[in-house]
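J.: Pasting a structure here, questions to come.
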Amino acid sequence: MKLLLLTTCATALHPFQPRGPPTRKRPHFDGWCIRASENEASASVIVGCFSRGRRRYDKHLVIVAQRTKEGGAWRTRVAQKFYDDNECSLTTTDEGFCFAAPAGVLEASPSSLTTNFDLGSVQASISTGPEAPWNPEGWLGSRWTRWLLPCRYAVRSTNSRGTWNNREAYVHAEAQYGARFPKSWRWVQATDTNATIVATGGAFEIGPLTTNTWLCRYQIGDRVWSFRTTDPRTSCEEVSDEGEASLQLVLRRSFGGEKRRLELTCTAKPTTFSEPLYCPTREGFSHSPGSRESFSSTVRVKADVNGEVVDERIFEGACLEFGGA
C-alpha cells in the first residue's frame, strides 16, 4: 500500500486524521463512519484499515449500507468488501487525508468531506462542508490520560447539511482508531430537521478496568447536552435486549445548577437487522460476533430540566447497532 505521511510529529494530528500503522509489532486500526439521512431513508459508508505494525497496513475494509424506498416498500442493502494492502492508498497531510480503493474514495479535511463507493449491489456518494466537531471523550482524551483508551473516538459532525446521491441530507461523520473495538457496545444515531442525537456505550476498557460507560450528545436547535458517565455527577441507567432489538437509557447530569435528565427508548423489528458486520479486533477484522445494525429504528426522546419537560420527540429511520459479545 502507498502510505504518504506528510504530517510531522511536532504537529498535533486532527482527531479525524488516520494515525497510520505503528512501527512496533502491535495491532492498530483506523476507521471512519459516514452516515447520511433524509426523512426515513439513509446511507452509511464505513472504511477500516488494520495493521499489525511494521509501518504497513495488512487489510482494508469498505462497508456500504443503504435504506431506500423501492416500489413503495422499504429495502435495506448492505455490502462488505476487503482489499489487500497493495490495492489501496492513503495520503495524509496537515489539512486532511484521502483513502482510495478500487471501489471508491474517502477524502476529508476541516473544510469538506466527500466519499463515493460503489460495491456493485449498493452505492453511496456523500458530501458535506465544514466540520462541526464534538469531543465525546472529554477529559479522558487529554494528553495525560488518552493512553488509557484502546479505542479512541472522535466526531466530526452530527447533523451537518450535505448531499447523498445528489439529494439533500444530514450528515453524521465520526472516526475511531486504536488497538481494537470495545468488548461490547451499543450505538444509536438519529437526526431530524431541528434535533439530533448520537449515543454509544457498553463494556469500554479504561486502562486495566472494563466499565459500563456511556457517551451521548443531544442537540435541540442551539441547545447542546453532552453526557459522559466518566464525568462527575453524570450517570446512565441502561436496559438493553439485542434479541428483542430494544435499548432504553436514562441519562442524568447535574450541571450549572440544573438537573438534566434524558430518556431514550430505541426499538426496531428484529428482522430489520443486518447480517454481522466486520469489526476490528486484536487479530484483525472479524464478524464473529461483529456487529448488527438496523436502519429503521424508532427512537423516542424525552428531555427535562429540574423535572420540567423541555423537549419530547420521535425519530424515525434511526440507526441502532449492537456489537460485540
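Throughout, read-outs are computed from the coordinates displayed, never taken from laboratory work. Every value quoted in this text rests on a predicted model; they were computed, and no experiment measured them. Every residue, glycine among them, receives a Cβ derived from its backbone with ideal geometry; neighbour counts consider all protein chains shown.
J.: For a footprinting-style exposure proxy, rank Ile126, Ile34, Ile314 by other Cβ within 10 Å, fewest first.
T.: Ile314, Ile126, Ile34
J.: Let me ask another. Counting other C-beta atoms within 10 Å, and keeping those with at most 13, which DSSP coil trypsin sites (Lys or Arg not before Pro) do you find in region 225-325?
T.: Sparse-neighbourhood loop trypsin sites (Lys or Arg not before Pro): Arg233, Arg282.
J.: Count charges around Asn159 for me, please; just the other residues with Cβ under 13 Å from its Cβ, Lys/Arg as +1, Asp/Glu as -1.
T.: Neighbourhood net charge equals -2.
J.: On to the next question. Only Cα pairs within less than 10 Å get springs; with that Gaussian network setup on the chain, which residue of Gly221, Gly71, Gly104 has the largest fluctuation?
T.: Comparing Gly221, Gly71, Gly104 in a Gaussian network model of the chain, the most mobile one is Gly71.
J.: Test of understanding: given the chain, find the longest segment containing no GluC sites (Glu not before Pro) that are in a DSSP loop and have at most 11 other Cβ atoms within 10 Å.
T.: Within the chain, the longest run free of exposed GluC sites (Glu not before Pro) spans 1-243.
J.: Further question: Among all the lysines, which ones have a C-alpha under 18 Å from Lys259's C-alpha, if same-chain residues fewer than 8 places away are not counted?
T.: Partners within reach: Lys302.
J.: Grab the beta carbon distance between Asn39 and Glu275, set R0 = 22 Å, and tell me the FRET efficiency rounded to 0.05.
T.: 0.30
J.: Tell me, how many Å apart are the Cα centres for region 174-248 and for region 101-170?
T.: Taking the Cα centre of region 101-170 as reference, the centre of region 174-248 is 17 Å away.
J.: Moving on. Between Gln248 and Trp74, what is the label-point separation in nm under the 7 Å Cα-to-beta-carbon projection?
T.: 2.2
J.: Only Cα pairs under 8 Å and at least 6 apart count here; give the relative contact order of the chain as a rounded whole percent.
T.: Once divided by the residue count of the chain, the mean separation gives 13 percent.
J.: Could you work out the Rg to Rh ratio of region 1-121, with Rh taken as the Kirkwood radius (inverse of the mean 1/r over all Cα pairs)?
T.: Reported Rg/Rh, Kirkwood definition of Rh: 1.03.
J.: Further question: At Ser240 and Ser121, where each label point lies 7 Å from the Cα along Cα→Cβ, what is the point-to-point distance in nanometres?
T.: The two pseudo-label positions are separated by 2.7 nm.
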